[in-house]
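Colleague: Here it is, the structure, as structure tokens.
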Amino acid sequence: MTTDRDLVVETVRDILSGFPPVVLSSSRPWDGGLWASLASAGLTGVGLPESAGGSGGEPADAVAIVRTLAAGAAAVPVAEQLLVAGPAVVAADLNLPAVDEPLTFAVASEVTASASDDGDGPGRWTLSGTATDVAWAGVARHVAVLTSSAVGPVLALADVSGLAAGPGANLAGEPRGSLVLDGVAASGALLSPSHAEELRARFALARAVQLSAALEQVLAWTVQYAGERHQFGRPLGKFQAIQMELAEMAGEVTAVSALTDAAVRALDRSAGGGADLVLAAAAAKVRAGAAVEVVARLAHQVHGAIGFTQEHKLHHLTRRLWSWRDEAGSELAWAPVLAAGLLADGPDGLWPALTRVL
């Protein structure tokens, strides 16, 4: 039976069919046409409450959209808006910017927030410092910044449309520039340390969702190519060595999908927060990052020289895989979090913790 979520995914796919992946550059840092089409269909506000200006729907609906766009190598900041910044802004009781205006998220340890005394009322902050490696810097009009203050962590929402972004891009060409926020006024809310950690986990989960979708698509392309490409009179997929490589890829992708799906369920169960979310997101990001090396390497191995050409579609996803692996915290950053969470209740609590993650 077709569900509403299936219809949403089909709508995204229909829109994507008119916007094939492009090679990004400083002159074309994103796909503005695709964003406009998604926004006009109300898809840039899915999962955000209508009362706040969103399109309504469940977090899983937003995840489905992000997965579909990631598999299509879409150069738009939907993951940041729907899975991280948008929910964080709403949860902090800040005014959500118009959902047709790109919103991104940044963890900025180099930035500090000071309570404003300019008479604008409570919840006003002044930022100082430079946020680096900001996803879609120069594209996003607003940025939700997780930063620090003298009294604790702060989520600050700033309009950065008038700021020039410093140069920077990831391996796929997606903007990852810097923003000088000295003297920038922002609305904001104080967070508890645990809430701040949950926001970092949300960011990691967003990247894990994208990684999972891209890994699945790379596997599908590789299986298809192995069935179509003939060598020595038969398809590549008939050779045992190739079959073993495809099986290894499939095992990695299945493991990532299982842990990412578990983290999404934890997001639903916890209504956007909780220790279970942090643990599940850490597990998903660690496993997805570890799978990138295996899947990308074997995909290029099976494709051969054609897979390295600019004209072939494979690089649009493998370069994103290598980039997203390190963003929002690499395996090295999240593995200690995962280990600490699993061992928090001592030896007797290890198995219950493992099964809780899954």
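The values are calculated or read from the model by the stated rules, or taken from the named source; none is laboratory data. All of these numbers come straight from a predicted model, not from anything done at the bench. Neighbour counts are summed over all protein chains in view; Cβ atoms, including those assigned to glycine, are modelled from backbone coordinates with ideal geometry. These area figures cover heavy atoms from the full protein model, side chains too; ligands, DNA and RNA do not enter into them. Shrake-Rupley method; radii C 1.70, N 1.55, O 1.52, S 1.80 Å.
Colleague: Only one residue in Ala158, Ala98 is assigned to a strand (DSSP E or B) and under 25 Å from Glu50 (Cβ atoms). Which one?
Modeller: Ala158
Colleague: Considering Leu259, Leu298, Leu321, which residue is under 29 Å from Gly177 (Cα atoms), out of contact with any strand residue (DSSP E or B) (no Cβ under 8 Å at 6 or more places or on another chain) and either open to solvent by 10 Å² or more (accessible area, probe 1.4 Å) or in contact (Cβ under 8 Å) with a residue 60 or more places away in the chain (or both)? Break it down into steps so the answer makes sense when it comes.
Modeller: Working: Leu259 fails: under 29 Å from Gly177 (Cα atoms); Leu298 fails: under 29 Å from Gly177 (Cα atoms).
That would be Leu321, the only listed residue that is under 29 Å from Gly177 (Cα atoms), out of contact with any strand residue (DSSP E or B) (no Cβ under 8 Å at 6 or more places or on another chain) and either open to solvent by 10 Å² or more (accessible area, probe 1.4 Å) or in contact (Cβ under 8 Å) with a residue 60 or more places away in the chain (or both).
Colleague: Within region 49-66, track down each residue that is in contact (Cβ under 8 Å) with a residue 12 or more places away in the chain and either farther than 25 Å from Thr260 by Cα or in contact with a Ser or Thr (Cβ under 7 Å, 6 or more places away or on another chain) (or both).
Modeller: Those that are in contact (Cβ under 8 Å) with a residue 12 or more places away in the chain and either farther than 25 Å from Thr260 by Cα or in contact with a Ser or Thr (Cβ under 7 Å, 6 or more places away or on another chain) (or both): Ala52, Gly53.
Colleague: In addition: Keeping to region 20-35, report how many residues are more than 20 Å from the chain's Cα centre (by Cα) and touching a residue at least 24 places away in the same chain (Cβ under 8 Å).
Modeller: Going through region 20-35 one residue at a time, the tally reaches 2.
Colleague: If you don't mind, another one. Would you say Ser26 is open to solvent by 20 Å² or more (accessible area, probe 1.4 Å), of a type in the set (Gly, Ala, Ser) and at pLDDT 95 or above?
Modeller: Answer is no for this residue.
Colleague: Look through region 218-246, keep the residues that are touching a Leu at 6+ places or on another chain (Cβ under 9 Å) and small (Gly, Ala, Ser), and return whichever of them is most open to solvent (accessible area, probe 1.4 Å).
Modeller: Ranking the candidates gives Gly227 first.
Colleague: Moving on to the next point. If I filter region 272-295 for residues that are closer than 16 Å to Thr222 by Cβ and surrounded by fewer than 22 Cβ atoms within 10 Å (Cβ to Cβ), do I get at least one hit?
Modeller: Within region 272-295 (the criterion being closer than 16 Å to Thr222 by Cβ and surrounded by fewer than 22 Cβ atoms within 10 Å (Cβ to Cβ)), the answer is yes, since at least one residue qualifies.
Colleague: Now a separate question. Is it the case, given these coordinates, that Lys238 is over 14 Å from Leu219 (Cβ atoms) and either over 22 Å from the mean Cα position of the chain (by Cα) or at pLDDT below 95 (or both)?
Modeller: Considered against the rule, which asks whether it is over 14 Å from Leu219 (Cβ atoms) and either over 22 Å from the mean Cα position of the chain (by Cα) or at pLDDT below 95 (or both), Lys238 comes out as yes.
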